[in-house]
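Below is one structure; the comments refer to it alone.
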């Protein structure tokens, strides 16, 4: 597996008016690496995640993906990058209610122009790996919270993105479902060499990552793991 750097932040600040949400962040992510960012609500961790994903433009500094500065890309190029090279998992899944489970999972491939039959076949394969093969034709309103979050995981992974950005991906689940969904998510991501930036307030979730960071008042600090 290629373990070279895929994403980095150099001296990144994010300002909302006179308020600094992200302060002088230095961050690096390798291919296949899982990095967790923890911190209290309002610490700036989600703001940093959206800067790294090119959703929020940085006020100072630079975010680079595959060696290219996101600041040099126009809106159309950023949209294409997020659609084709990035994946996203959010706390509540954010599935489209009018689409079936299978259609939701296939959405990134359809948006990239893949034929419907091929996209649905790929979605069906990954849904099967997540234990959802029997639910492909259901609507989001017809599945449980844990199942819905698995669909969101399938959608994030189906197009084999370089990086997945996960914002509190298990925050709405009970501990049993959270552990199961997270294990499947990280196992599949690692198996296909996808890097993951995981924002969470749950230290048990963060402990599953390869590297762990703490965000406090916009400042990102790497945590050194204690020797076992």
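The values are calculated or read from the model by the stated rules, or taken from the named source; none is laboratory data. All figures in this text were calculated on a predicted structure; none of them were measured in a lab. Reconstructed Cβ throughout: ideal geometry from the backbone, glycine too, with neighbour counts over all protein chains shown.
Can you tell me which residue in the stretch 191-209 is farthest from residue 27 (Cα to Cα), limited to those that are in a loop (DSSP other than H, G, I, E, B) and touching a helix residue (DSSP H, G or I) at 6+ places or on another chain (Cβ under 9 Å)?
192
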Of the residues in the stretch 178-190, those that are out of contact with any helix residue (DSSP H, G or I) (no Cβ under 8 Å at 6 or more places or on another chain) and crowded, with 16+ Cβ neighbours inside 10 Å come to 186, 190
Given the criteria outside any helix (DSSP H, G or I), more than 12 Å from the chain's Cα centre (by Cα) and in contact (Cβ under 8 Å) with a residue 12 or more places away in the chain, does residue 146 qualify?
no
Does residue 127 satisfy being farther than 21 Å from residue 197 by Cα and surrounded by 24 or more Cβ atoms within 10 Å (Cβ to Cβ)?
yes
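Here is a list: 113, 11. Which entry is surrounded by fewer than 21 Cβ atoms within 10 Å (Cβ to Cβ) and not in a strand (DSSP E or B)? Let's see the steps before the verdict.
On the way: 11 fails: not in a strand (DSSP E or B).
Going through 113, 11 in turn, just one is surrounded by fewer than 21 Cβ atoms within 10 Å (Cβ to Cβ) and not in a strand (DSSP E or B): 113.
Please go through the stretch 139-152 and give me each residue that is in contact with a strand residue (DSSP E or B) (Cβ under 9 Å, 6 or more places away or on another chain) and modelled with pLDDT of 90 or more, ordered by number. Give the derivation first.
Looking only at the stretch 139-152, we keep the residues that are in contact with a strand residue (DSSP E or B) (Cβ under 9 Å, 6 or more places away or on another chain), and these are 149, 152.
Selection gives 152 alone.
To keep it simple, each residue is scored yes or no on (1) modelled with pLDDT of 85 or more; (2) buried (at least 21 other Cβ atoms within 10 Å of the Cβ); (3) under 17 Å from the mean Cα position of the chain (by Cα).
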{"residue": "170", "(1), (2), (3)": "no, yes, yes"}
{"residue": "174", "(1), (2), (3)": "no, no, no"}
{"residue": "192", "(1), (2), (3)": "yes, no, yes"}
{"residue": "202", "(1), (2), (3)": "no, no, yes"}
{"residue": "218", "(1), (2), (3)": "yes, yes, no"}
